[in-house]
Amino acid sequence: MQAWTKPDIPAVPGPARRLRLYDTASRGLVEVPPTDGGTARMYVCGITPYDATHMGHAATYVTFDLINRLWRDAGYDVSYTQNITDVDDPLLERATATGVEWTDLAAREIQLFRDDMTALRVIPPQHYIGVVESIDLVANAVEDLRRAGAVYPVDGDLYFAVKADPAFGGVSNYDRDTMRELFAERGGDPDREGKQDPLDSLLWRHERPGEPAWDSALGRGRPGWHVECSAIALKYLGMSFDVQGGGSDLIFPHHEMSASGAQVATGEHPFARAYVHQAMVGLDGEKMSKSKGNLVLVSKERLAGADPMAIRLALLTHHYRTDWFWDESDLPDGQARLERWRAAVARDAGPDGAAVVNAVRAALTNDLDSAGALAALDEWAATDGTDSQAPALVAQACDALLGVKL
Ligand code: 5CA
Ligand code: ZN
């Protein structure tokens with residue numbers, strides 16, 4: 001699948017820093033990649049394209065964009081893969097409910113997502129991979145699991161036996177009761193009869209009337225959700241890549257299951273070196289979600305005249321590991337900050353540019369302290385100084401490190 005337009009990324013002078021991120025699996029900060037130089041590899045779970053990009057999605061993709069930018073700043077080549085869940089129950093249900101072809105709905109929403117990402121200056125992945133174009137890949141991944149003895153049928157569907165992975169549970173660290181509850185809430189089927197363990201997850205769903213299906217060695221049907229991300233990540237990144245990312249709603253079951261699937265299929269561990277999760281963005285006291293419909297949409301705000309850089313700044317005000325609620329003052333505040341910074345970089349001189357860039361790098365590489373980075377820049381913008389190089393340097397750093405073009 002074609003991704004979207006890559007923004008320019010200026011090089012920023014001065015010493016870069018190594019990135020430390022909070023890893024959900026080990027419950028602590030880890031340095032990723034663990035060594036200097038070479039390629040840093042990241043997989044971020046992409047959209048299910050049945051509705052437009054909301055501020056929660058945007059927060060997620062901007063967070064992982066910061067990681068991408070900090071790695072590039074530190075001299076790594078970045079290999080970035082993102083999937084698109086372009087066939088799954090919620091998409092098919094929405095298409096039926098609104099009387100459109102599911103393929104048309106997906107194509108329309110994917111294009112809107114590309115436009116939103118381009119406007120927000122998010123660096124595109126090198127591999128932007130849909131499930132529909134990966135049916136054989138996913139079917140082969142299920143075959144690999146079958147060879148590893150981890151697959152059994154239930155009424156013609158195929159299931160992954162979680163007991164095949166001795167490390168199962170090690171991504172989320174949740175207890176069984178919590179896992180079971182979240183599994184039921186997030187697309188799982190703990191109570192289906194015929195399963196060996198309530199937590200076993202669907203790998204392949206045999207064809208049902210009125211549903212899309214593809215021929216494969218597994219029979220006619222379509223892939224389950226989790227195995228799509230194991231298969232796509234393994235093909236484009238390989239095992240033990242640096243960062244597996246997504247929103248915290250994916251910790252369980254999705255990231256637990258996709259890690260287990262890859263670990264059992266390859267006999268290697270771990271799937272990823274760090275599991276990094278963006279906290280949930282909500283509206284009016286509830287998680288923002290396509291299924292609830294309580295959405296603030298990036299495209300709608302853009303259409304109403306919002307500067308995408310003000311949207312980006314509004315998102316960056318919040319630390320990625322803290323849940324927060326979108327508020328109607330967020331966008332005007334982002335716009336006001338953008339204008340202050342634009343005026344500041346238009347000056348002939350300002351306070352020490354190298355010092356503020358150093359402070360921005362220090363904050364961001366410390367588990368993406370974007371609020372700390374913004375505070376350093378706010379202070380720089382509000383202070384007079386004599387460094388005539390500073391305005392250009394600060395504008396470059398905002399662009400390259402924060403993705404905010406002034
Ligand atoms: N296609 C799957 C991942 S394989 C999926 O979760 N799609 S999604 O469209 O529902 O979400 C896309 C991305 O945005 C995921 O990484 C998800 O965790 C994240 N996300 C969804 N809602 C929010 C929210 N309210 N706040 C922050 N991130 C969110
Ligand atoms: Zn995923």
- Quick one: putting +1 on the C-beta of Lys and Arg, -1 on the C-beta of Asp and Glu, what dipole do you get for segment 311-399 around its Cα centre, in Debye to the nearest 20? 220 debye
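Report the calculated FRET efficiency for D77 and A354 (r = Cβ-Cβ distance, R0 = 30 Å), to the nearest 0.05.
Numbers: r = 26 Å, r/R0 = 0.87.
Calculated value: 0.70.
Hydropathy at least 0.5 by Kyte-Doolittle, axial extent at least 15 angstrom from the Cα trace: which helices of the chain, defined as entire DSSP H runs, fit?
Values: long enough: 55-73 (26 Å, -0.11); 102-119 (26 Å, -0.37); 135-147 (18 Å, 0.08); 225-236 (18 Å, 0.42); 256-266 (16 Å, 0.16); 330-345 (23 Å, -0.83); 353-365 (18 Å, 1.25); 370-381 (16 Å, 0.62).
What comes out of the filter, once short or polar helices are dropped, is 353-365, 370-381.
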- Item | Highest-fluctuation residue, D157, D177, D387 considered, GNM on the chain with Cα pairs under 10 Å | D177
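Rounded, prolate or oblate: which fits segment 66-162 when a ≥ b ≥ c are the square roots of the eigenvalues of the alpha-carbon gyration tensor, with rounded for a/c under 1.5 and prolate only if a/b beats b/c? Mind dumping the intermediate values first?
On the way: a/c = 3.19, a/b = 1.26, b/c = 2.53.
Taking the square roots of the gyration eigenvalues as a ≥ b ≥ c, segment 66-162 is oblate.
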- Message: Can you show me the helix-derived [θ] at 222 nm for the chain, built from DSSP H runs with n ≥ 4 at -39,500 (n - 2.57) apiece and divided by the number of residues, rounded to the nearest 500.
- Response: -12000 deg cm²/dmol
- With a Förster distance of 35 angstrom and the Cβ-Cβ distance between A11 and R186, calculated FRET efficiency to the nearest 0.05 equals 0.25
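Please pull out the direction-averaged projected area of segment 343-406, using the convex hull of its alpha-carbon atoms, in nm² to one decimal place.
One quarter of the hull surface, i.e. the mean projection, equals 3.6 nm².
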- If you count the DSSP beta bridges with both ends in segment 20-283, what percent of them are antiparallel, to the nearest 5? 45 percent
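If each residue of separation counts as 0.36 nm, what is the full-extension length gain between S299 and S26 once their alpha-carbon separation is subtracted? All intermediate terms of the calculation are to be shown ahead of the outcome.
On the way: separation 273, 0.36 × 273 = 98.28 nm, distance 3.67 nm.
The span from S299 to S26 would gain 94.6 nm if fully extended.
Can I get the semi-axes of segment 20-283's equivalent ellipsoid? Compute them from the C-alpha gyration tensor as square roots of 5 times the eigenvalues, in angstrom, largest first. Before the final figure, lay out each step's value.
Working: eigenvalues 150, 108, 59 Å².
Sorted largest first and rounded, they come to 27, 23, 17 Å.
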- Task: Name the most mobile residue of D367, D330, D348, meaning the one with the largest mean-square fluctuation, in a Gaussian network model of the chain with Cα contacts below 10 Å.
- Result: D348
- Heavy-atom accessible area per residue - the chain, 1.4 Å, Å²: 40 Å²
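Which value, in debye to the nearest 20, describes the size of the charge dipole of segment 257-348 about its Cα centre when Lys and Arg Cβ atoms bear +1, Asp and Glu Cβ atoms bear -1, and nothing else is charged? Let's see the in-between values first.
Values: 12 positive and 12 negative charges, 51 e Å.
That gives segment 257-348 a dipole magnitude of about 240 debye.
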- Using a Gaussian network model of the chain whose springs link C-alpha atoms within less than 10 Å, name the residue from P166, P125, P190 with the highest mean-square fluctuation. P166
- Query: On the first, second and third principal axes, largest extent first, how far apart are the outermost C-alpha atoms of segment 137-293 in Å?
  - Reply: 46, 37, 29
- Message: Rounded, prolate or oblate, given the Cα gyration tensor of segment 265-406, with a/c below 1.5 counting as rounded?
- Response: oblate
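Name the GluC sites (Glu not before Pro) in segment 182-266 that are in a loop by DSSP and that have at most 10 other C-beta atoms within 10 Å, would you? Show your work: numbers first, answer last.
Numbers: sites: E185, E193, E207, E228, E256; in loops: E193, E207.
In loop regions of segment 182-266 (DSSP not H, G, I, E or B), the sparsely surrounded GluC sites (Glu not before Pro) are E193.
When the convex hull of the C-alpha atoms of segment 1-140 is computed, what volume per residue in Å³ does it have?
Dividing the Cα hull volume of segment 1-140 by its residue count gives 142 Å³.
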- Taking only Cα atoms of segment 272-317, radius of gyration then Dmax in Å: 13.3, 41
- Query: In nm, to one decimal, how far is the N366 label point from the R176 one, both placed 7 Å along Cα→Cβ?
  - Reply: 4.3 nm
- Query: How much of the accessible area of segment 185-281, in percent, comes from carbon and sulfur atoms when a 1.4 Å probe is used?
  - Reply: 46 percent
- Query: Cα centroids of segment 104-151 and segment 162-188: how far apart, whole angstrom?
  - Reply: 23 Å
- Query: Kirkwood hydrodynamic radius of segment 194-234 from all distinct Cα pairs, in Å?
  - Reply: 11.5 Å
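The values are calculated or read from the model by the stated rules, or taken from the named source; none is laboratory data. These numbers come from a predicted model, not from an experiment. Neighbour counts run over all protein chains shown; Cβ positions are idealised from the backbone, glycine included. With ligands, DNA and RNA removed, areas are computed over all heavy atoms of the protein, side chains included. Shrake-Rupley method; radii C 1.70, N 1.55, O 1.52, S 1.80 Å.
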